[in-house]
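K.L.:
Have a look at this one.
The values are calculated or read from the model by the stated rules, or taken from the named source; none is laboratory data. On a predicted model such as this, the values are computed, not experimentally measured, just so you know. FYI the Cβ positions are ideal-geometry reconstructions off the backbone, even for glycines, and counts take in every protein chain you see. When the accessible area is computed, the model is the full protein with side chains, heavy atoms only, and any ligands, DNA or RNA have been set aside. Shrake-Rupley method; radii C 1.70, N 1.55, O 1.52, S 1.80 Å.
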Amino acid sequence: MISLFRRYPIASASTLTIVLFAGCFLAKAWRHTIDGQTALRLREQVKLYAQTGDFERAHALISEAELRSRDTERRDADWVRTKLDVAIALRDINGFEALAEAYPDAILEAEAAALFWGRICIHARDWEQLELIKRRWQGRASRTESWFFLELSEDLARGRTQEARQRIRESQFSGDAEAHRLIYQALEEAHDPQKVIELLVEAYRVQPQNTDVRTFLANAYEALGRDSLAQREYLAAYLIDRDNPILRDNLAEFYLRRGQLTRAITAWVSENDKAPVPDFIWFKAQFWNRVARGQTIPATIAKPTPLEPVAEALAELPRDRYFSSKIDHARGVIPKRGYSAENYLVWLSILEALRVGDESTALDQLQGEPSAIAMVSPLLGRALMKLLSFRLHDVLPEVDADFERPQHRFFRELMESTTSNTPTRALDFLNGPYALSALFASVGWLGTAIDYWPTNVQPLDRPPTWLSYAMGQAHRHCAGNAKALAFLNSTRDDAEEIVLLRAELLLAEGYKEQSRPLLETLASSTSDVGYRAAWLGAMSYLEEGNLVDAHKVLMTNTAFALSVSGQELQARIALARGLKGEAKVIYGRIAESSVEAHVYLASQAFKEADWEKAKQHTQGALALAPNQPGLVRNLQLISEKSRCANP
């Protein structure tokens, strides 16, 4: 057989090439057609979900629709608006900022998006971008009230109190907007606590479920120093809208300002919350988790974000490291605009330099990055700079020691010390191996304090008792009771504070027979140690029903026996013995100062259908513990029962 290819080599090859090319072209065209139809269907489905308010489903389909769409389709104005609506509805800050980078003009031309972007800018302190947004809408805004409150928030965030007061005085609204104005007016009246309360109550009545109102209430209470009420309002705002990352951040930052680092970390990233979080929240949680607890968290960061490589590099660090060359390389992708992650990276770089003993580099970075230091922990930054200046140059420079809240004695004395007024022994300690751990332990950076604890020291160079105790608690907090016990045993310190902590740890680990003799010996001490030892010892016996020994240990310490806590314990012992009358007398004696007493007396009155007395005692308990939702529910139940009994 003669091959056709051999008879007609050129024509046959050309024909085959054309056929193959045509086949590939048709296949590719068919695939584009199918992808185009699928993309169109997905985009229409996303728009439908967004129009009906089902933003979660809309968000779930956007990535697939984007993947199958052509570039021109992705930039379609209607499609971009839909993506913006979804991001705003879900408070998807990462997604919104990605859209802002890709389509800045589209965002600036949509008023709701521009306002949302403005809020993000205030939170990120990106004043340049905020000014651009405001200029774009000057003279043509329709949501004048929203712009008013945006600019008012900017004034307050930038410390321009006079401008803020002027805005408040010159404005008047109705309905919801008036509630907002009342909140700001209350802030203006901070010098008159009674006026503040009146304005806040009026605003709350107008909008009890509005998160802005609850947040401003929290701000006002915090400014007045009423921390328990401020906490209640921050928490209420977050519970009203759990999907709003800024409300979560507000609650965490409140805890951070109070020095409650564990609560702050839990507010940012709950152990039960597996969903990705915005990058600015993740970086805060990662940083504070590392320095306060010596732990890292997975890189569960919401996408898209340019910070993902940095987050992954941080999450991969070995337990004893703070920084790496991989992080340093990845940080080059961080945009200059509006990202606070760089502030935390500066601190981590400083901590890594200290870890490897390079105090000179750490001091250079502290002095060269003042804004980053101030944004994370300005007070610690000043204290660390002072300590390193002394260790490297024998100079204790004077620094601002105006503390917003009570500080640890060591921290306070360091900040107030000078080379001339500080005893030689104290100066030797600052130059010694324990100074860095002492400083970080004094501000609650317990994970870091443990990392800097020296391992190779002379046997006679023992730490002071207060520091051994603080580090024992640090190990307990970060690594558990067993590690804390091992650490305390290594200190060879038999001061009563250390013995008490050992006994407490043994008790927590279930070694009651080893713990009780220590507690009973300490219980007779007239110091605070004796007070706590008496409480722990009595409770350990009461929990297993040994009422005789519980009462015996309790009465060993007269100060404890006469205290509110001691009398609460006596009442519990009386109840366990079946002496309800005696318990009622004891609780009645301490009710003014005891939540437990109020709750017990309220429950007894409830059983006796004495609604008025039950109400009084529940209100008394709430006055002492305003953040207990169970007490609020009890009060509601009492009111319902009272109405039924007296229709």
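K.L.:
If only one of Val376, Val346, Val356 is without any contact (Cβ under 8 Å) to a residue 24 or more places away in the chain and among the hydrophobic types (A, V, I, L, M, F, W, C), which one is it? So that I can check it myself, show each step before the final result.
P.N.:
Numbers: Val376 fails: without any contact (Cβ under 8 Å) to a residue 24 or more places away in the chain; Val346 fails: without any contact (Cβ under 8 Å) to a residue 24 or more places away in the chain.
Going through Val376, Val346, Val356 in turn, the sole match is Val356.
K.L.:
Which of the residues belonging to region 272-311 are in a helix (DSSP H, G or I), closer than 24 Å to Ile120 by Cα, of a type in the set (D, E, K, R) and out of contact with any strand residue (DSSP E or B) (no Cβ under 7 Å at 6 or more places or on another chain)?
P.N.:
Lys284
K.L.:
Looking only at region 248-258, decide whether some residue is modelled with pLDDT under 80, farther than 24 Å from Leu90 by Cβ and aromatic (Phe, Trp, Tyr).
P.N.:
Checking region 248-258: not a single residue is modelled with pLDDT under 80, farther than 24 Å from Leu90 by Cβ and aromatic (Phe, Trp, Tyr).
K.L.:
For region 225-270, enumerate the residues that are touching a His at 6+ places or on another chain (Cβ under 9 Å) and of a type outside the set (Ser, Thr, Tyr). Lay out the reasoning, then the answer.
P.N.:
Quick first cut of region 225-270, residues touching a His at 6+ places or on another chain (Cβ under 9 Å) only: 246, 249, 262.
Residues satisfying the conditions are Ile246, Asp249.
K.L.:
Can you name the condition, by its number, that Ala264 falls short on among (1) small (Gly, Ala, Ser); (2) at pLDDT below 90; (3) closer than 30 Å to Ala218 by Cα?
P.N.:
(2)
K.L.:
Checking Gly444 against (1) under 20 Å from Arg321 (Cβ atoms); (2) part of a loop (DSSP other than H, G, I, E, B), which test does it fail?
P.N.:
(1)
K.L.:
Of these, Leu622, Leu601, which one is part of a helix (DSSP H, G or I) and either at positive phi or modelled with pLDDT under 90 (or both)?
P.N.:
On inspection, the qualifying residue turns out to be Leu622.
K.L.:
Hey, Arg476 hits all of (1) open to solvent by 20 Å² or more (accessible area, probe 1.4 Å); (2) more than 28 Å from Leu261 (Cβ to Cβ) but one; which does it fall short on?
P.N.:
(2) is the only condition that Arg476 fails.
K.L.:
Further, regarding this structure: Tally the residues that are of a type outside the set (Lys, Arg) and either closer than 14 Å to Ile281 by Cα or open to solvent by 40 Å² or more (accessible area, probe 1.4 Å) (or both), restricting the search to region 212-253.
P.N.:
Within region 212-253, residues that are of a type outside the set (Lys, Arg) and either closer than 14 Å to Ile281 by Cα or open to solvent by 40 Å² or more (accessible area, probe 1.4 Å) (or both) number 20.
K.L.:
Quick check on this structure: which one of Pro464, Pro423, Pro397, Pro433 is open to solvent by 20 Å² or more (accessible area, probe 1.4 Å) and closer than 20 Å to Leu366 by Cβ?
P.N.:
Pro397
K.L.:
Moving on to the next point. Are any of the residues in region 294-304 over 14 Å from the mean Cα position of the chain (by Cα) and hydroxyl-bearing (Ser, Thr, Tyr)?
P.N.:
yes
K.L.:
Continuing with the same structure: Working only within region 603-640, note down all residues that are surrounded by 12 or more Cβ atoms within 10 Å (Cβ to Cβ) and of a type in the set (Lys, Arg).
P.N.:
Scanning region 603-640 gives Lys613, Lys615.
K.L.:
Tally time: how many residues in region 344-394 are open to solvent by 60 Å² or more (accessible area, probe 1.4 Å) and among the hydrophobic types (A, V, I, L, M, F, W, C)?
P.N.:
Total satisfying the criteria: 3.
K.L.:
Then there's this: Please determine, by comparing only the residues of region 409-420 that are part of a loop (DSSP other than H, G, I, E, B) and open to solvent by 30 Å² or more (accessible area, probe 1.4 Å), which one is nearest to Val356 (Cα to Cα). Steps first, please.
P.N.:
At the first step, the residues of region 409-420 found to be part of a loop (DSSP other than H, G, I, E, B) are 417-420.
From the residues that got through so far, the ones that are open to solvent by 30 Å² or more (accessible area, probe 1.4 Å) too are 419-420.
Details: Thr419: 27, Ser420: 31 Å.
Selected residue: Thr419.
K.L.:
Okay, moving on. Please determine whether any residue of region 308-319 is within 9 Å of the chain's Cα centre (by Cα) and either at pLDDT below 85 or exposed (fewer than 15 other Cβ atoms within 10 Å of the Cβ) (or both).
P.N.:
no
K.L.:
Scan region 533-541 and give yes if some residue there is surrounded by 21 or more Cβ atoms within 10 Å (Cβ to Cβ) and within 28 Å of Asp428 (Cβ to Cβ), otherwise no.
P.N.:
The answer is no; no qualifying residue exists.
K.L.:
Have a look at Glu131, Glu163 and point out the one that is open to solvent by 40 Å² or more (accessible area, probe 1.4 Å) and at pLDDT 85 or above.
P.N.:
Working: Glu163 fails: at pLDDT 85 or above.
Result of the check over Glu131, Glu163: Glu131.
K.L.:
From the list Ala311, Ala315, Ala267, pick out the single residue that is of a type outside the set (Phe, Trp, Tyr) and in contact with a Leu (Cβ under 8 Å, 6 or more places away or on another chain).
P.N.:
None of the other options fit; the residue is Ala267.
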